[in-house]
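Worksheet for the structure shown next.
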Amino acid sequence: MDLTAIQPAILIASLMVSSTPILLAALGEMVVERAGVLNLGVEGMMITGAVAGFAVAINSGSPALGFLGAAAAGAALSLAFAVLTQLLLSNHVATGLALTLAGLGLSALVGKPYEGMKAPSLPKLDLGPLAEIPFFGRVLFSHDVMVYLSLALVAGVWAFLRYTRAGLILRAVGESAEAAHALGYHVIRVRILAILFGGALAGLGGAYISLVRVPQWTEGMTAGAGWIALAIVVFASWRAGWVLVGAYLFGGVTVLQLNLQAAGAAVPVALLSASPYLVTILVLVIISARGLQGAPAALGRSFHASG
Amino acid sequence: MTRQAEQVLSLEGLTKAYPGVLACDDISFSIGRGEIHALLGENGAGKSTLVKMIYGLVAPDSGRMTLEGRPFAPPEPRAARAAGVAMVFQHFSLFDALSVAENIALGMEEAPPPRRLAARIREVSELYGLPLDPARTVGTLSAGERQRVEIVRCLLQEPRLLIMDEPTSVLTPQEVEILFETLRRLAQDGTAILYISHKLEEIRALCDSATILRRGQVVATCTPAETTAREMAEMMVGASFAAVERAPRATGEVVLEARGLSAPAPGAFGTPLRDISFSLRAGEVLGLGGVAGNGQDELLAALAGERPSPRGMLFLDGQDIGRLGPQTRRAQGLATAPEERLGHAAAPEMSLTENGLLTAAQSRGLLRRGFIDWPGARRFAEAVISRFDVRTPGPQAAARALSGGNLQKFVIGREIAQRPRVLAVNQPTWGVDAAAAAAIRQALLDMAAQGAAILVISQDLDELFEVADRFGALVGGRLSEIRPMAELSLERVGLMMGGAHDMEVAHVG
């Protein structure tokens, strides 16, 4: 076993890349759940974003348009969920599961002609002299724009929920739809907007897999990232900062175990492959066991204005 | 006090129909500047629909409203608030996980930045003697404090019309007195107040005039100070009804006994039970009062067996029943009825027959070798329905389809009809109209007269004065000393319930 082959700077830099899809999807789902909606269709929206982003990028030659297309596709799929659960009052859990199945099937169909093609690559953001700083330059200042966008979104969502009136209304809707309605807020409208935001972020996360991380299209390539994103939201106690911690932890252990496998560590491969899931769940369970914050009180409950 | 020249709100011919019911039928009245106007009526009389129309939650089918001389037809609550209408809700308007300041900001049109808002909250709450900490999470507040949040939220908007929907149901008598003082000050400053309540003595003490609704129509108006509570009750019901009578009765052996009953809080916002001791004799009614959220639900759950208790704390006929489950306790003659009707006392989607069966199966022999005796179960449900005047199409109706008051009559009646030796009830007449409440109380007293032991947990002090022989107050999960009811005054009872906490009379001046 040769552990010297693992360089910390590259390890940290690649963990940021490998965590970004889950971070984006989990952040979006966190906002959805804070509005009181449980959308289990994250996996389906991610894979739809992955294929849509890939197809748009190939046809237009522009990765930026690809990401826009992915966000639009994720939001479009989530709109179906929004109409079913918010307007037709269908069950959140069943509808979300159906959304995942639909997304997986749809993406396989749409993606068939694109298999084996190579996506135009997303250039690294040129930060000039910053990237020259030893260690930190490599770790922090030599990424593509989506990595920075995802971090900016974490800060933005945190500030939105904490400091803005719209964020307060969104939390209120997730705490008690009846009370928010009695005060005259449009529960359904707020929830639909949150669902669309969650869908768009899941789509971006998916496109990051197909356009940057892999970068090509294979059927079912999200491989459960959407489910991990859902778990991270719960264990992060619905807080933006902890979502970031959870996503980077998962991404970090994933990268580390791949490196360990490559270095020939004397641990069964199956155990190494399972380690990101085990470590993330363990750490976040310990965090959430301190009881920082409970689930939004109205999570997963349909709301219908009566009399 | 009504000055017609200075009307704040006037309603003309307001009508609203729902499928199958005319909730409000041609309602007209007006409220003057500085007037405290009572809106009286039983459940389903149309009070809440009327208030929702004024607050913009429901649009009237026909009729006109005028606010300060201008036509008023708010399409949504925001518009009503902007026009100067504020409302303190009975339910559903606070968010447990948010702070006091956040809750208040949600009820305002243009909330100032958090720091200024916090300062304003302190200022206004102290001005009116309703101290509040803006940073506290609402879920950790007592019921009385929650109400202060609602009231301060309204006061910050400097409303011209303040609507209060059953505001005193969660307050001690001392807190009620302070609330009234606050409301009188507000009225002096020119605010019009629409006050909804079914506590007639409070209306007599507070209100300048009253409008009485029955089945969606205005049936009478009166000056509460010049009308007796009984006359008002009869106007509400539309008929006279029998007063509750107490037959003299002898008390027997101790049947139910709690010795130092303690239990941890069931959840984040629950109350622990702390060292509760009492003994209940056959033929007596023990009344336990207290402000909501002081351990009532937890005590009933411990008595019912929903939460088992450690050994040596709970005894029925001298036998330790702490570890026994609800069915076994029922079989030994201890019946209970919790406060929450839907989902606790009754399964909402199941029929009345099935709901009857759920608690009466054993005591009424409705099971035969594990099979249900459906005709017997139906007869039992029908008997409860007719004896307690439950208004429903029949025993096949789902519990959810009944109005709150009617379902309450059914779930209490179901227990009374099983003739248990000990009956513990929580809020037996909550949301039930005056005539039916009198019938339920009479039934409880009749049971006691026949030798049953009755424990009534209630937040309605008038009710406890009417039925209880002895009284104790629940405060923070502890039980006060138990005293004979006849020795107690309303004021004394209020002090036993914790008095007015840290409240003080408004010092506006």
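The values are calculated or read from the model by the stated rules, or taken from the named source; none is laboratory data. Quantities reported herein were computed from a predicted structural model and do not represent experimental measurements. So basically every Cβ, Gly included, is an ideal-geometry build from the backbone, and we count neighbours across all protein chains shown.
General remarks:
Here's the yes/no breakdown for (1) exposed (fewer than 12 other Cβ atoms within 10 Å of the Cβ); (2) among the charged types (D, E, K, R); (3) assigned to a helix (DSSP H, G or I):
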position	(1), (2), (3)
A:78	no, no, yes
A:83	no, no, yes
A:86	no, no, yes
A:98	no, no, yes
A:104	no, no, yes
A:112	yes, yes, yes
A:126	yes, yes, no
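- Subset tally (residues that are among the basic types (Lys, Arg) and modelled with pLDDT under 90) for segment B:13-51: 1
- Hey, residue B:118 free of Cβ contacts under 8 Å to residues at least 40 places away in the same chain, more than 12 Å from every other protein chain (Cβ to nearest Cβ) and of a type outside the set (Ser, Thr, Tyr) or not: yes
- Single match in A:180, A:200 (criterion: crowded, with 23+ Cβ neighbours inside 10 Å, at the interface with chain B (Cβ under 9 Å from one of its Cβ atoms) and either touching a residue at least 24 places away in the same chain (Cβ under 8 Å) or at negative phi (or both)): A:180
- Total residues in segment B:13-49 satisfying the condition of being surrounded by 19 or more Cβ atoms within 10 Å (Cβ to Cβ), over 18 Å from the mean Cα position of the chain (by Cα) and within 12 Å of chain A (Cβ to nearest Cβ): the figure is 4.
- Near pairs, Cβ below 9 angstrom, 6+ apart or cross-chain, from segment B:478-490 (surrounded by 15 or more Cβ atoms within 10 Å (Cβ to Cβ)) to any residue that is acidic (Asp, Glu) and assigned to a strand (DSSP E or B): B:478/B:275; B:479/B:275
- Within segment B:62-89, tally of residues that are of a type outside the set (A, V, I, L, M), outside any helix (DSSP H, G or I) and either touching a residue at least 60 places away in the same chain (Cβ under 8 Å) or within 13 Å of chain A (Cβ to nearest Cβ) (or both): 8
- Condition check for residue B:136 on (1) away from chain A (no Cβ under 14 Å); (2) buried (at least 21 other Cβ atoms within 10 Å of the Cβ): one failure, at (2).
- Residue in segment A:203-232 that is farthest from the other protein chains (Cβ to nearest Cβ), counting only those that are touching a residue at least 60 places away in the same chain (Cβ under 8 Å) and β-branched (Val, Ile, Thr): A:218
- Any hit, segment B:181-201, residues being at pLDDT below 85 and of a type in the set (Lys, Arg): yes
- Residue A:283 at pLDDT 90 or above, of a type outside the set (Phe, Trp, Tyr) and either crowded, with 17+ Cβ neighbours inside 10 Å or more than 30 Å from residue A:110 (Cα to Cα) (or both): no
- Segment A:208-237, residues that are touching a Leu at 6+ places or on another chain (Cβ under 9 Å), under 18 Å from residue A:99 (Cβ atoms) and among the hydrophobic types (A, V, I, L, M, F, W, C): A:227, A:229, A:230, A:231, A:233
- Every residue from segment A:113-145 that is in contact with a strand residue (DSSP E or B) (Cβ under 9 Å, 6 or more places away or on another chain) and β-branched (Val, Ile, Thr): A:145
- Residue in segment A:139-159 that is under 30 Å from residue B:108 (Cβ atoms) and more than 18 Å from the chain's Cα centre (by Cα) present: yes
- In the set (1) away from chain A (no Cβ under 13 Å); (2) touching a His at 6+ places or on another chain (Cβ under 9 Å); (3) surrounded by fewer than 22 Cβ atoms within 10 Å (Cβ to Cβ), the condition left unmet by residue B:57 is number (1).
- Filter result for residue B:106 (facing chain A (nearest Cβ under 10 Å), among the hydrophobic types (A, V, I, L, M, F, W, C), free of Cβ contacts under 8 Å to residues at least 40 places away in the same chain and crowded, with 20+ Cβ neighbours inside 10 Å): yes
- Residue count for segment A:228-248, restricted to those that are within 22 Å of residue A:7 (Cβ to Cβ) and either in contact with a Lys or Arg (Cβ under 8 Å, 6 or more places away or on another chain) or modelled with pLDDT under 90 (or both): 0
- Selected residue (criterion: surrounded by the fewest Cβ atoms within 10 Å (Cβ to Cβ)) from residues of segment B:266-296 that are within 14 Å of chain A (Cβ to nearest Cβ) and more than 22 Å from the chain's Cα centre (by Cα): B:267
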